[in-house]
Amino acid sequence: MGQTVTAVCEADRRRQEALLSVGSGFEDQVAFNRRFKMKNGKVYTHPGKGNPDITGPAGPVDPEVGVLAAWSADGAFLGCVVNYACHGTVMNMGVSADWIYYLDKTISSCMGEEAVTVFLNGACGDVTQVNNLSLEEPEFGERWAEKVGVRVGAEVLKVMATAERGNLSPVGAISKSIKVSRRQPDPDRVRESAVVVRQGLERGRIDTDWTFAKELLLADYMYAEEPEVSVEVQAVQVGPALFLANPAEYFCQMGLDIKDASPFPLTFVVELANGCVGYVPDEEAFTSSGGGYETVLTGYSNLEPAAGGKIAEAAIELAGDLTPGRLPEIRRASAFTGPWDYGVRGPDLA
């Protein structure tokens, strides 16, 4: 908390007049939906490269790279906010800035070491850097972190190079909290899980079944203590751009639905903001043809199936309460006075 206060005070101390630009790019080579429909009618998360039972992805990706950038009055680059939908799980060992480090490095190597990059994760609860439809080596480690970060960073640079700078207004923020129910574990399954956990501890055998049995006990405890959860949904407006935030690991399709319903020309969905309520899949994931570990009742993923829709509803409502500003005007050419006199000459053949 103390560091948060320090950061806010430092930001206020360093504030200055600035020109802003906003725009979006496209990067579809490094993010992939990790959930797949299978021949048995179910959905698996990460079914494995080369699995012959895959029939197709169970969800989309969002290739949009959102960029809000700032320059000082004399044209010095101050920094940018980047929004992109991909898990930061390439460096899957220990604590790391992951591919976002290479995003920042790519931007600062071109725009200056003093440049500040703020990364806001898009709706990527089911999107990672792993391409299960490719037989290429598993996409983990330093090499892949660099690949993802540099490609997204390069797209950010392209957006900033072309977006018009100006005064983006109005600026504002509103939010609302909604109540969402937890899923109640079946009492019989809770009793069975207690047996599995106890026997696993006695035998020193901790496997996947034990892990999910333990998680069900956690979910049961959490339901008993707090059967409803308060979920904050927030809208932050900068002129024609709108950031709509929620505290979930939010499935990509619902993020795209929010964008489609927003009246703003540029809408960026932000997940894992203002807290964390775990995975929030769409309702289809909970049907008989759904599946994947994100839908399993655990201490981390335990909100009702309608939670995602409720969050989307709240976000769209907030978007409707705000009025989009205008994009900076593109400089127009002067009135036509005739063609360039060099350009109308030729050809000379002798």
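Residues that are under 21 Å from Leu103 (Cβ atoms) and touching a residue at least 24 places away in the same chain (Cβ under 8 Å) number at least 3 in the following strands (runs of 3 or more DSSP E) confined to segment 8-86: 18-26, 64-72, 77-84.
Of the residues Leu297, Leu327, the single one that is buried (at least 19 other Cβ atoms within 10 Å of the Cβ) and in a loop (DSSP other than H, G, I, E, B) is Leu297. Residues in segment 135-157 that are touching a strand residue (DSSP E or B) at 6+ places or on another chain (Cβ under 7 Å) and either of a type in the set (Asp, Glu) or under 24 Å from Arg331 (Cβ atoms) (or both) were compared, and the one that is surrounded by the most Cβ atoms within 10 Å (Cβ to Cβ) is Val156. Determine whether segment 310-320 contains at least one residue that is part of a loop (DSSP other than H, G, I, E, B) and buried (at least 18 other Cβ atoms within 10 Å of the Cβ). Among the residues of segment 310-320, not one is part of a loop (DSSP other than H, G, I, E, B) and buried (at least 18 other Cβ atoms within 10 Å of the Cβ), which makes the answer no.
Only one entry in Val90, Val22 is in contact with a Leu (Cβ under 6 Å, 6 or more places away or on another chain) and surrounded by 15 or more Cβ atoms within 10 Å (Cβ to Cβ), namely Val22. I need the full set of residues from segment 111-134 which are surrounded by fewer than 16 Cβ atoms within 10 Å (Cβ to Cβ) and of a type in the set (Gly, Ala, Ser), in order please. Passing the criteria: Gly112, Ser134. For segment 271-289, the criterion of being buried (at least 16 other Cβ atoms within 10 Å of the Cβ), farther than 18 Å from Lys176 by Cβ, in the same structural domain as Asn167 (by TED's automatic domain parsing) and of a type in the set (S, T, N, Q) is met by no residue. Within segment 158-178, being surrounded by fewer than 17 Cβ atoms within 10 Å (Cβ to Cβ) and part of a helix (DSSP H, G or I) holds for Lys158, Ala161, Thr162. The set of residues from segment 103-141 being closer than 24 Å to Pro281 by Cβ and either in a helix (DSSP H, G or I) or of a type in the set (D, E, K, R) (or both) comprises Asp126, Glu139. Every listed requirement among (1) in contact (Cβ under 8 Å) with a residue 40 or more places away in the chain; (2) in contact with an Asp or Glu (Cβ under 7 Å, 6 or more places away or on another chain) is met by Thr117 save one, (1). Looking for something among the small types (Gly, Ala, Ser) and closer than 27 Å to Gly166 by Cα - is there at least one such residue anywhere in segment 58-67? Within segment 58-67, one or more residues are among the small types (Gly, Ala, Ser) and closer than 27 Å to Gly166 by Cα.
The values are calculated or read from the model by the stated rules, or taken from the named source; none is laboratory data. Keep in mind the model is a prediction, meaning the values are calculated, not measured. With ideal geometry, Cβ positions are generated from the backbone for all residues, glycine too; neighbour counts draw on all protein chains shown.
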